[in-house]
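The values are calculated or read from the model by the stated rules, or taken from the named source; none is laboratory data. Bear in mind the structure is a predicted one, so any value in this text is a computation, not a measurement. All Cβ positions, even for glycine, are placed from backbone atoms using ideal geometry, and neighbour counts span all protein chains on display. Surface accessibility is based on the protein's heavy atoms, side chains included, excluding ligands, DNA and RNA. Shrake-Rupley method; radii C 1.70, N 1.55, O 1.52, S 1.80 Å.
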Amino acid sequence: MKKGLRGILWLIAAGVVIALIYVVYLLLRPVGAEPTAPLSGAPASITSPIERGKYLVRAADCVVCHTAPGGKPFAGGFRFKLPFGSIYGTNITADKETGIGNWSDEQFVRAVREGVGPEGNLYPAMPYTSYTGMSRDDLLAIKAYLFSLPGVKQPNRQNELSFPFNQRWGMKFWNLAFFHQSRFVADPHHDAQWNRGAYLATALGHCSECHTPRNVAFGLNQSQYLGGMAVQGWFAGNITPDKQTGIGDWSEQQLSEFLSQGHAAGRSSASGPMAEVIENSTQYLTPEDNQALVNYLRNIEPVKTDVGSAVNLRPKGAMNSSAILPADQDNSLGRQLFAGDCSGCHQWNGEGRQTPYASLKGSTAVNDPQGRSVIQAILHGTKISVGQQQVMMPDFGAKYSDDEVAAVANYVLHQFGDKTGTVTSKQVADQRKQ
């Protein structure tokens with residue numbers, strides 16, 4: 001009994017010490033200065049606060065996480081599926097009852113840059129860990145734009161999290177471990193264009209939130225910055241300049257076209273969440289900002305990841321096939337399914353027929369032996385709208401069994417990536433839930 005009481009007292013004492021450390025941290029933590037005007041997110045040519053806000057909202061891709069599929073823009077309801085439950089994006093329209101219409105400037109700035117809203121700590125599904133670098137002027141321009149739009153009366157959905165993850169106060173300790181509040185500071189070792197690209201990629205575009213692996217506590221593993229990770233079942237690839245496993249061998253034109261159009265000739269087409277980023281965000285960047293982002297991505301520290309996922313630009317299966325005839329004569333299930341449902345659009349040589357977006361050679365997706373994005377595309381389809389062009393791939397999730405999805409995925413990896421796929425029906429079943 002005494003041992004049990006002693007243990008409880010030790011736990012209480014430890015909790016008090018942790019709380020005191022957190023209070024001291026809040027009081028003593030450094031807060032960076034506001035950035036100078038050239039590092040603001042909107043081009044200097046845009047002078048209207050509302051128009052600046054519109055540009056920034058697009059650059060920060062706010063609409064994706066705050067809009068439910070088929071719902072009204074910024075009205076909330078988008079679901080983030082996590083291992084311990086689901087979090088829903090909130091209503092950030094100017095509605096005073098269900099949105100943020102009653103928020104002051106200070107409340108808005110604190111929520112976006114510190115992850116603390118009027119009702120307490122936010123979960124880092126809201127990427128305040130990146131937005132912390134944004135300037136106050138940019139944030140207030142974003143607020144001005146959001147408040148210029150009609151408010152939408154739509155109550156926020158309650159998060160569905162298991163204990164203890166449903167305890168918002170616990171985020172205080174997560175922040176202590178993984179969140180460093182600081183404004184963006186220009187790197188004097190790089191030129192103005194690179195620094196602008198850095199601001200767009202880090203503070204605004206929050207690229208690392210999807211492309212940087214996370215640790216067991218869901219904090220970003222900065223030693224693998226932009227080295228790639230799985231997001232909602234899709235694989236967000238290595239976008240560092242490593243020549244084997246990243247984008248080091250992409251040309252500047254290929255990178256620029258991918259960011260502005262969602263397709264790079266001879267390389268990848270955007271799909272899944274990245275297609276949404278292109279559609280809602282990067283296609284609207286000015287040519288100057290597009291080039292700044294390219295400059296930044298080409299001149300950061302390269303990270304080498306699994307060489308088994310290195311892109312093969314000349315896969316034997318595709319190179320030896322014609323547009324209408326495969327080189328192999330096997331009678332595998334995957335080949336049969338591809339022949340019936342896929343070859344008409346993608347062709348046996350992977351060039352794509354109706355649109356270059358259907359090309360498969362050079363794609364990072366078909367060179368991932370785990371086939372994560374290939375599975376998602378087969379199960380759920382994918383689409384992108386750029387400029388006046390709309391491209392889509394239908395889903396086959398209802399038509400194919402888990403075994404059939406695995407078979408066709410492994411065939412695609414072999415034919416167009418020269419990879420031995422490791423996709424199993426169990427993996428498909430797991431990804432079907434995402």
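Scanning segment 39-51 for residues that are in contact (Cβ under 8 Å) with a residue 60 or more places away in the chain and assigned to a loop (DSSP other than H, G, I, E, B) yields Ser40, Gly41, Ala42, Pro43. Per the listing Lys96, Lys81, Lys72, Lys54, the residue uniquely over 30 Å from Phe173 (Cα atoms), outside any loop (DSSP other than H, G, I, E, B), open to solvent by 30 Å² or more (accessible area, probe 1.4 Å) and modelled with pLDDT of 85 or more is Lys54. When the criteria are applied in full, Ala429 fails the requirement of being surrounded by 19 or more Cβ atoms within 10 Å (Cβ to Cβ) and touching a residue at least 24 places away in the same chain (Cβ under 8 Å).
Checked against the criterion of being of a type in the set (A, V, I, L, M) and crowded, with 19+ Cβ neighbours inside 10 Å, the candidates Ala186, Ala217, Ala201, Ala177 yield just one match: Ala201.
Candidates are the residues of segment 334-384 that are open to solvent by 20 Å² or more (accessible area, probe 1.4 Å) and acidic (Asp, Glu); the one that is farthest from Gly266 (Cα to Cα) is Asp341.
When Ala265 is tested against (1) surrounded by 18 or more Cβ atoms within 10 Å (Cβ to Cβ); (2) modelled with pLDDT under 95, exactly one condition is not met: (1). On inspection, Gly228 qualifies as touching a helix residue (DSSP H, G or I) at 6+ places or on another chain (Cβ under 7 Å) and not β-branched (Val, Ile, Thr).
As a summary of the residue check, Phe165 satisfies the conditions (1) modelled with pLDDT under 95; (2) out of contact with any helix residue (DSSP H, G or I) (no Cβ under 7 Å at 6 or more places or on another chain); (3) open to solvent by 40 Å² or more (accessible area, probe 1.4 Å); (4) within 26 Å of Tyr296 (Cα to Cα) except for the one numbered (4).
Applying the set (1) of a type outside the set (D, E, K, R); (2) out of contact with any helix residue (DSSP H, G or I) (no Cβ under 9 Å at 6 or more places or on another chain); (3) open to solvent by 40 Å² or more (accessible area, probe 1.4 Å) to Met171 leaves exactly one unmet item: (3). Taking the criterion of being aliphatic (A, V, I, L, M), in a helix (DSSP H, G or I) and open to solvent by less than 20 Å² (accessible area, probe 1.4 Å), the residues of segment 128-162 that qualify are Leu139, Ala141, Ile142, Leu146.
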